[in-house]
Amino acid sequence: MTAALALGDDALVLSHRLGEWAGHAPVLEEEVALANIALDLLGQARVLLSLAGDEDELAFLREERAFRNVQLVEQPNGDFAHTIARQLYFSVYQRGLYEQLAAGGGDFAGLAAKAVKEVAYHQDHATHWTLRLGDGTEESHQRMQRGVDALWRFTGELFQPVEGVEIDWPSLHTDWLATVTGVLQQATLTVPTGPGSGAWTAGAGRQGIHTEPFGRMLAEMQHLHRSHPGASW
Amino acid sequence: MAAVTADQTTQGQARGTAQATAGGPDGPAGADVAQQAAFDAAVAADERIEPRDWMPDAYRASLVRQMAQHAHSEIIGMQPEANWISRAPSLRRKAILMAKVQDEAGHGLYLYSAAETLGTSREEMLDKLHAGRQRYSSIFNYPTLTWADVGAIGWLVDGAAITNQVPLCRCSYGPYARAMVRICKEESFHQRQGYELLLTLGRGTPGQRAMAQDAVNRWWWPSLMMFGPPDDASAHSAQSMTWKIKRHSNDELRQRFVDICVPQAEALGLTLPDPDLRWNEERGHHDFGAIDWTEFQEVLKGNGPCNEQRLTQRRRAHEEGAWVRDAAASYALKHPAPTRHAHAPAHITEAPHTEMHQAEMHTPPNAEATA
Ligand SMILES: [Fe+2]
Ligand SMILES: [Fe+2]
């Protein structure tokens, strides 16, 4: 089931990346908050992957090319600002997506209705930190701007329609742009434009084309499970 | 007895008993004696000492030392287990482990807050940790080498922590006792999860069983050391018992732990690495072999396998996070929020106010995970 895999992989991969912050967060409250978000996403991933098959087989035994997540979520954490920019872009997207799915009454309506509450908190968290970092100190402003700029090219892919996800994709994009623009402006940040025509942009994650860091992430994630074929844990 | 500071004298007015006697015409020395008497009486009567009550300087210092060490242990203790989050072999185990590591961060938060009621700030305590002037539990200076170590830590390390901490729920200092009630509930989840992880490995493939036995072999002795030096060599024990910060001696608690673990190890189908371990009918307890206190002292001195690594990671996270904390403080100055608690330190106001609440109501994955 393409749709469950696409949405499930997004949640699984981002959860994994956020889990990498454990023990490294800039302040103790963020240890709790980032783990919270990672746990929400992992919970969503488990429901979604279970719709498509066995959650552990899908997570631990698929090759890189079989993953259907967008490239945005697999990007390494970078500094805290980079992680927050990724969170902002993704949580605004996921909230819009789940709101439409919840209202639509299709296959994902139940899951989306529950998850949208979690995602509203994720968006709130990302928004607050974007404001603090953008409008904090000179250094935090620069770092936040760098994160926002670096990840911008990965956002176009978010709005490629996913087969089996029956929503209004153009309005998802319009709403996302309006929300993100509003937050960035309030945070005194420059809203990225482009990329210019001819520049490389991300966009094939849904087709199983990923970026280099993703293979390493999977190697680490899958290694133990694959080392003991057939074992249960 | 050390001199009572003006500040503490003022605080002493909050306790009715202290007020009645301290307000008398005896002068400072007499007030001192009266306050001390009121404190002693409160402790003897098993009343809780609260932050605004008068307390002896040495009691305060002893609590700060112990609570800071406890808080530091929670946050340093995240590292060995977080080491396995990215490699957890099933999504269910990954959720359990992430929730556990998150719980430990939460325990750190409660304990730093409880310690702050004694007039020290989290910032100060962290600085002392980073400078090596306050300790954390030596157990976390051992490495987690395999996945089974996650189970062994839950079963033995959280298990030893519970044995140590359940009596602290009746500690004479109110905020510490209350924090421990909350923490102990979660620690017992952790202990059961660790046990269940090992049980699964024990019933698994030969490779999984070997992994479980190896982990228990490595974690057993360090877990026994968690109860601290033997009673005749324990520096702070006697005074802490009189103050009812501590209720049982190190050796008593260690014995209790051994007696609990032996049947559990049998049920797991794992052996404990001690040839001298046997039931002593006469004592009604298990006898066990001699602990290598030289190793304990060495790890305490900083010579354990991971002392350097743990402290370096902690310092680095703190240093690399400085610009984030600065940004939050600067933003809070530019945009003061009216609902913010006036006395909350900057690092608390950084986090959106919903976070802790969210953590507590975070039942969906946690509940599934801890079931
Ligand atoms: Fe804990
Ligand atoms: Fe624990």
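In the range A:130-173, the residue that is modelled with the highest pLDDT out of those that are part of a loop (DSSP other than H, G, I, E, B) and surrounded by fewer than 16 Cβ atoms within 10 Å (Cβ to Cβ) is A:168.
Could you go through the range B:67-82 and let me know if any residue there is more than 12 Å from ligand 1 (Cβ to nearest atom), crowded, with 22+ Cβ neighbours inside 10 Å and of a type in the set (Gly, Ala, Ser). So far as the range B:67-82 goes, yes, one or more of its residues are more than 12 Å from ligand 1 (Cβ to nearest atom), crowded, with 22+ Cβ neighbours inside 10 Å and of a type in the set (Gly, Ala, Ser). Restricting the first member to the range B:181-206 and to residues that are touching a residue at least 60 places away in the same chain (Cβ under 8 Å) and among the hydrophobic types (A, V, I, L, M, F, W, C), and the second to residues that are more than 12 Å from ligand 1 (Cβ to nearest atom) and part of a helix (DSSP H, G or I), the beta-carbon pairs closer than 6 Å and six or more apart or on different chains are B:189/B:370; B:197/B:151; B:198/B:151; B:198/B:155; B:198/B:212; B:198/B:268; B:199/B:268.
If you go through the range B:80-93 and keep only what is away from ligand 2 (no atom under 13 Å from the Cβ), in contact (Cβ under 8 Å) with a residue 24 or more places away in the chain and touching a helix residue (DSSP H, G or I) at 6+ places or on another chain (Cβ under 6 Å), you end up with B:84, B:87, B:88, B:89. Flag: residue B:95 matches the condition of being away from ligand 1 (no atom under 13 Å from the Cβ) and either surrounded by fewer than 24 Cβ atoms within 10 Å (Cβ to Cβ) or over 20 Å from the mean Cα position of the chain (by Cα) (or both).
Give me the helices (runs of 4 or more DSSP H) completely within the range A:1-90, filtered to those with at least 2 residues that are under 24 Å from residue A:110 (Cβ atoms) and more than 12 Å from chain B (Cβ to nearest Cβ), ordered by residue number. Because the criterion is at least 2 residues that are under 24 Å from residue A:110 (Cβ atoms) and more than 12 Å from chain B (Cβ to nearest Cβ), the helices (runs of 4 or more DSSP H) in the range A:1-90 that meet it are A:2-19, A:28-52. Residue A:127 falls short of the stated requirement of being away from chain B (no Cβ under 14 Å) and either in a helix (DSSP H, G or I) or open to solvent by 40 Å² or more (accessible area, probe 1.4 Å) (or both). Among the residues of the range B:180-236, those that are of a type in the set (D, E, K, R) and closer than 21 Å to residue B:162 by Cα comprise B:182, B:185, B:186, B:187, B:192, B:196, B:218, B:231. Here is the figure for the range A:209-233: residues that are assigned to a loop (DSSP other than H, G, I, E, B) and either over 18 Å from residue A:13 (Cα atoms) or at pLDDT below 95 (or both) total 6.
The residues of the range B:268-294 that are surrounded by fewer than 16 Cβ atoms within 10 Å (Cβ to Cβ) and either touching a Pro at 6+ places or on another chain (Cβ under 8 Å) or among the β-branched types (Val, Ile, Thr) (or both), listed by number, are B:271, B:289, B:293, B:294.
Scanning the range B:32-74 for residues that are of a type in the set (Val, Ile, Thr) and assigned to a helix (DSSP H, G or I) yields B:33, B:43, B:64. Does residue A:109 count as at negative phi, open to solvent by 30 Å² or more (accessible area, probe 1.4 Å) and more than 13 Å from every other protein chain (Cβ to nearest Cβ)? No, not satisfied. Note on the range B:111-142: among residues that are within 16 Å of residue B:76 (Cα to Cα) and open to solvent by 40 Å² or more (accessible area, probe 1.4 Å), the one that is nearest to ligand 2 (Cβ to nearest atom) is B:135.
Residues checked against (1) open to solvent by less than 10 Å² (accessible area, probe 1.4 Å); (2) among the basic types (Lys, Arg):
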| site | (1), (2) |
| --- | --- |
| A:2 | no, no |
| A:7 | yes, no |
| A:35 | no, no |
| A:43 | no, no |
| A:46 | no, yes |
| A:53 | no, no |
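Here is a yes/no grid of residues against (1) closer than 16 Å to residue B:104 by Cα; (2) within 16 Å of ligand 2 (Cβ to nearest atom); (3) more than 14 Å from every other protein chain (Cβ to nearest Cβ):
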residue	(1), (2), (3)
B:174	no, no, yes
B:187	yes, yes, yes
B:194	yes, yes, no
B:200	no, no, no
B:203	no, no, no
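If you take the residues of the range B:205-226 that are open to solvent by 30 Å² or more (accessible area, probe 1.4 Å) and more than 14 Å from chain A (Cβ to nearest Cβ), which of them is nearest to residue B:295 (Cα to Cα)? If we take residues in the range B:205-226 being open to solvent by 30 Å² or more (accessible area, probe 1.4 Å) and more than 14 Å from chain A (Cβ to nearest Cβ), then B:221 is nearest to residue B:295 (Cα to Cα). Considering only residues in the range A:112-124 that are of a type in the set (D, E, K, R) and over 15 Å from residue A:183 (Cβ atoms), the one that is surrounded by the fewest Cβ atoms within 10 Å (Cβ to Cβ) turns out to be A:117.
Every condition in (1) in contact with a helix residue (DSSP H, G or I) (Cβ under 6 Å, 6 or more places away or on another chain); (2) within 12 Å of chain A (Cβ to nearest Cβ); (3) outside any helix (DSSP H, G or I); (4) at pLDDT 50 or above holds for residue B:340 except the one numbered (2).
Residue B:163 passes every criterion in (1) open to solvent by 40 Å² or more (accessible area, probe 1.4 Å); (2) under 22 Å from residue B:245 (Cβ atoms); (3) within 16 Å of ligand 1 (Cβ to nearest atom) apart from (1).
The values are calculated or read from the model by the stated rules, or taken from the named source; none is laboratory data. Here the structure is a predicted model, which means the values were calculated and not measured. Reconstructed Cβ throughout: ideal geometry from the backbone, glycine too, with neighbour counts over all protein chains shown. Heavy atoms of the whole protein, side chains included, go into the accessibility calculation; ligands, DNA and RNA do not. Shrake-Rupley method; radii C 1.70, N 1.55, O 1.52, S 1.80 Å.
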